[in-house]
Amino acid sequence: MNFIMIVKMAAFVFSAAAFTVGCLEFMRKGKAMYFQIITLSVGCYSLGLLFSIIMTICTGTAQTGYNSGYLGITGCGLFLLSANYGQVNGILDDGTSGFRKKRVTAAAAPLALLVLWSAGAVICGMKNYFTSFMLLLPVFPASYFCLKVLVFPDMDFAFLKSIKPCNVCMLIICAAVTVQLTGELSGSIVLEIAGISAAAVSVCLMIRAAMNGGRAWTV
């Protein structure tokens, strides 16, 4: 068993535990859908790791190139995007010109991720540019809405203030999975380990922050 497999197995244990705690806490009546959605994002990420681990064990070799486990990252990004865009954005942003500067500021997040992805891909000699970009496609707008929640005013809504710690973790997750996928598709073990480790820790912290934030947002 090589070091990367140990890291993946440890990350799976942490993310699966976070998903289980999230399900027990939020998947019941009276809990906000926002926290249910971000819990599902953790589940997607955890399943992606599990698929990768099982595939490596079954084939006996570390996988290079595309495998279906990477869809866990895509699913994670889709759920993070759905949480902020579907549940919060309409309350947060009324579309008026007064918030134009903050919208532009929020655009820094996906731009930074694109630069990070491009730099990593070029430096590490990635060949699967299109595959990598398509898998990360939901992650880029998800990061935009994460930063948007952080830079926009709370407008006296207690729940908006309560979800900001979650969005700090979500923003880190977006960056971490970008690094992870870049490392996996380019064969960079350093990037892969860094991305997986950061993502695993961040999903645990996100669920913990969600548990604290859930007290201010019930339905």
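Can you order the peptides 77-84, 16-23, 3-10, 33-40 by their average number of other Cβ atoms within 10 Å per residue, highest first?
Order by mean packing, descending: 77-84, 33-40, 16-23, 3-10.
Assuming a strict under-19 Å limit between Cα atoms, what lysine pair count do you get for the chain once near-sequence pairs (fewer than 8 apart, same chain) are dropped?
So the count works out to 8.
Dipole size in debye (nearest 20) for the chain around its Cα centre, Lys and Arg Cβ +1, Asp and Glu Cβ -1?
Once rounded to the nearest 20, the dipole reads 360 debye.
If a helix is a whole DSSP H run, which ones in the chain reach 24 Å or further along their own axis (Cα) and hold a mean Kyte-Doolittle hydropathy of at least 0.5?
Result, helices passing both filters: 3-26, 33-59, 164-186, 189-213.
If R0 is 25 Å, what FRET efficiency do you get for residue 129 and residue 67 from their C-beta distance, rounded to 0.05?
About 0.90, to the nearest 0.05.
If you keep only loop residues by DSSP, which trypsin sites (Lys or Arg not before Pro) in the range 69-158 have at most 16 other Cβ atoms within 10 Å of their Cβ?
The qualifying sites are 127.
Within 10 Å of each residue's Cβ, count the other Cβ atoms and sort 182, 96, 131 from fewest upward.
Final ranking by Cβ density, sparse to dense: 96, 131, 182.
Hand me the chymotrypsin sites (Phe, Trp or Tyr not before Pro) from the range 115-219 located in a DSSP loop with no more than 16 other Cβ atoms within 10 Å, in residue order please.
Of the chymotrypsin sites (Phe, Trp or Tyr not before Pro), the ones in loops of the range 115-219 whose Cβ has at most 16 other Cβ atoms within 10 Å are 157.
In the range 3-216, if the dipole is taken from +1 on Lys/Arg beta carbons and -1 on Asp/Glu beta carbons about the Cα centre, which of 190, 95, 113 is farthest to the positive end?
Most positive-ward Cα: 95.
Along the charge dipole of the chain, pointing to its positive end and built from +1/-1 on Cβ of Lys, Arg, Asp and Glu, which listed residue (212, 27, 40) has its Cα farthest out?
So the residue we want is 212.
Each label point is 7 Å from the Cα along the Cα-to-Cβ direction; what then is the distance between the points at residue 161 and residue 24, in nm?
It works out to 3.0 nm between the two label points.
How high is the relative contact order of the chain, in percent, with contacts defined as C-alpha pairs under 8 Å that are six or more residues apart?
26 percent
Here, each number is a calculation from the coordinates, and none is a lab measurement. Note that the structure is predicted; figures quoted are calculated from it, not measured. Every residue, glycine among them, receives a Cβ derived from its backbone with ideal geometry; neighbour counts consider all protein chains shown.
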